[in-house]
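Report on the following structure.
Readers should treat all values here as calculations from the given coordinates under stated rules, not as data from a laboratory. Predicted, not measured: the structure shown is a model, and the values here were computed from it. Here Cβ is always computed from backbone atoms with ideal geometry, including for glycine, and neighbour counts include all displayed protein chains.
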Amino acid sequence: MTSSTHSTDDGAVAGIDARPVTAWLADRVELSPPLQFEIIAGGHSNLTYRVSDAAGRRWVLRRPPLAHLLAGAHDMVREHRLLSSLEPTEVPTPPVVGLCTDAEVNGADFYVTGFVDGTVLRSLDDAETLTPEARGELSRRMVEVLAAIHSTDLEATGLATLGRPEDYVARQIHVWRRQFNAMTSRDLPIIERVHDVLVASIPPQAEATLVHGDYRLDNCLSTTDGDLAAVLDWEISTLGDPVAELGFLLGYWVEPDDGFNPLGHDATAAEGFWTRDQLAHSYAELTGRDISSIEWHFAFASWRLACILEGVHARYVGGAIPEIPPEVHEFPQSIVSLAERAESVLANL
């Protein structure tokens with residue numbers, strides 16, 4: 001897992017009470033104190049830390065933000081459940097070490113997984129670590145793993161009760177509009193305009209599968225040969241419409257002529273990565289699903305991402321996440337651009 005990190009000169013790091021966390025982990029794995037905790041930069045919600053011991057062993061710890069928690073999000077128990085349930089499946093995930101729900105240990109729930117080697121690709125510079133051929137292979141693997149997520153046996157994994165299977169998109173629209181209104185301090189009428197069009201035109205949901213909820217390139221660990229080593233950040237996974245999730249992936253996927261990057265990340269604009277159309281058609285061929293409503297879902301994904309980013313920006317400004325990545329300063333304009341894209345796509349359907 002490759003990314004920038006942050007820790008203080010005295011070894012302390014925000015969100016970690018090192019002594020009790022070390023004792024908790026020592027009860028579950030072999031380790032050589034002292035432990036070093038480093039915030040892995042890049043996440044816009046829960047806090048993720050690289051944990052290292054004196055012998056060079058590594059783990060990853062996840063906990064909620066320090067403030068500005070959103071209702072229904074940041075659920076460590078839920079995310080731990082997902083990872084544990086998916087370990088025997090074809091979906092690549094980090095191996096689970098344990099879950100702590102005792103607030104006396106670290107002030108909030110957290111869980112620990114094994115460390116998976118790989119790189120989070122966000123920028124064109126990151127993409128340069130792969131050849132164009134490997135980028136094409138990674139595009140293919142992104143589709144294959146998304147299809148694997150959507151083919152998860154819900155009964156066998158114990159995930160059939162993870163969420164309500166029906167009316168996924170309608171519930172998503174309601175949730176993200178509510179979250180937007182709870183976090184915004186701006187007047188953005190376009191958010192309401194697009195909301196009203198979406199509500200009036202939701203395509204029928206043909207089935208319900210496991211959905212990751214935030215499946216995109218920079219929530220995955222990639223290898224230099226174009227494999228996908230692990231899917232990360234399962235905090236908003238539930239049961240839902242798989243075609244909607246394909247739309248989410250397309251909403252994040254930047255092409256060279258888009259004119260803006262929703263997250264400030266442009267890795268997928270590098271030569272060799274597939275286009276959004278290639279991703280969609282490959283998914284349809286692999287799964288046999290009807291994706292005739294994909295343009296609508298792309299518009300919905302753009303509006304949804306605008307709502308999400310408004311909340312993310314508010315949490316950074318409010319100090320809930322200690323280290324502010326440079327792209328966060330672009331979010332206010334990206335939010336408007338996303339809403340405009342959604343409105344334009346819907347107008348042309």
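Points worth noting:
- Exposure proxy ranking, count of Cβ atoms within 10 Å, fewest first, for Met142, Met183: Met183, Met142
- Around the amide H of Ile40, modelled in the peptide plane, lie the amide H atoms of Thr48, Tyr49, Arg50, all under 5 Å away and 5 or more residues distant in sequence or on another chain.
- The magnitude of the dipole of segment 117-215, with charges of +1 and -1 set on the Cβ of Lys/Arg and Asp/Glu and taken from the Cα centre, is near 440 debye.
- Selection from Gly118, Ala208, Val143, by position along the positive dipole direction of the chain (Cβ): Ala208
- Mean sequence separation of contacting Cα pairs (under 8 Å, at least six apart), scaled by the length of the chain, corresponds to a relative contact order of 19 percent.
- When each of Ile291, Ile202, Ile39 is scored by the number of other beta-carbon atoms lying within 10 Å, the sequence from fewest to most is Ile291, Ile202, Ile39.
- On Cα atoms only, tilt of 276-287 relative to the major axis of the chain in degrees: 80
- Exposure here means at most 16 other Cβ atoms within 10 Å; with trypsin sites (Lys or Arg not before Pro) in a DSSP loop as sites, the longest stretch of the chain lacking them is 187-349.
- Folded to 0 to 90 degrees: helix 189-199 orientation relative to the chain principal axis, Cα: 80
- Cβ-based charge dipole, the chain, positive-most Cα from Ser282, Gly15, Ala54: Gly15
- For segment 177-216, the alpha carbon convex hull comes to 120 Å³ per residue, rounded to a whole number.
- Per-selection Rg to Rh, segment 197-307 - Cα, Kirkwood hydrodynamic radius: 0.94
- Only DSSP H runs of four or more residues enter the estimate; each adds -39500 (n - 2.57), and after division by the residues of the chain the mean residue ellipticity at 222 nm equals -12500 deg cm²/dmol.
- Förster radius 45 Å - calculated FRET efficiency between Asp117 and Val199 (Cβ-Cβ, nearest 0.05): 0.55
- Residue among Trp303, Phe273, Ile291 farthest towards the positive dipole end of segment 271-320, charges placed on Cβ: Trp303
- Taking other C-beta atoms within 10 angstrom as a stand-in for reagent exposure, Asp257, Asp214 fall in the order Asp257, Asp214, fewest first.
- The per residue volume of the convex hull around the alpha-carbon atoms of the chain is 133 Å³.
- Note on the chain: with charges restricted to the Cβ of Lys and Arg (+1) and Asp and Glu (-1), its dipole about the Cα centre is near 760 debye.
- Linear extension gain, Glu285 paired with Arg28, 0.36 nm per residue minus alpha-carbon span: 88.2 nm
- The calculated FRET efficiency for the pair Asp167 and Glu340, based on their C-beta separation and a Förster distance of 35 Å, comes to about 0.80.
- Its Cα centre serving as origin, segment 229-277 has a Cβ charge dipole (Lys and Arg +1, Asp and Glu -1) of approximately 80 debye.
- Cα-based helix-to-principal-axis angle, 294-317 vs the chain, degrees rounded to 10: 40
- For Val97, the amide hydrogen comes within under 5 Å of the amide hydrogens of Val112, Thr113, Gly114, counting only partners 5 or more places away or on other chains and with H modelled in the peptide plane.
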